[in-house]
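Enquirer: I'd like to ask you about the structure that follows.
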């Protein structure tokens, strides 16, 4: 059986932030009239992340159609869970988010090498 730890406790232990952020996917649009590429960001989903960045509000999501079925490390933050963009962040209970302790240990060990 897997040992799980609450993400909120882990964040406190490691001096990290547990946050709900909005993911965006960058789209490059070519405007032939001005002969330029415009870049616009389109919100995709909400993601619960464990991060060292206190001011993080958005993350770039290269694969918004790929479900987050297990935690993954992206640009220095650990993506834990996903929610539809229509979910109000106030309705996401960070107290309920748990992480497998073995996964955390393996991530820490791989970063120490």
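Enquirer: Looking for whichever is at pLDDT 90 or above and in a strand (DSSP E or B) here; the options are 12, 19. Which one fits?
Expert: 19
Enquirer: Here's a follow-up. In region 64-113, what residues are within 17 Å of residue 17 (Cα to Cα), at pLDDT below 95 and surrounded by fewer than 10 Cβ atoms within 10 Å (Cβ to Cβ)?
Expert: 90
The values are calculated or read from the model by the stated rules, or taken from the named source; none is laboratory data. Only a predicted model underlies this, so the values are computations on that prediction, with no experimental measurement involved. Note that we place each Cβ from the backbone using ideal geometry, even for glycine, and neighbour counts take in every protein chain shown.
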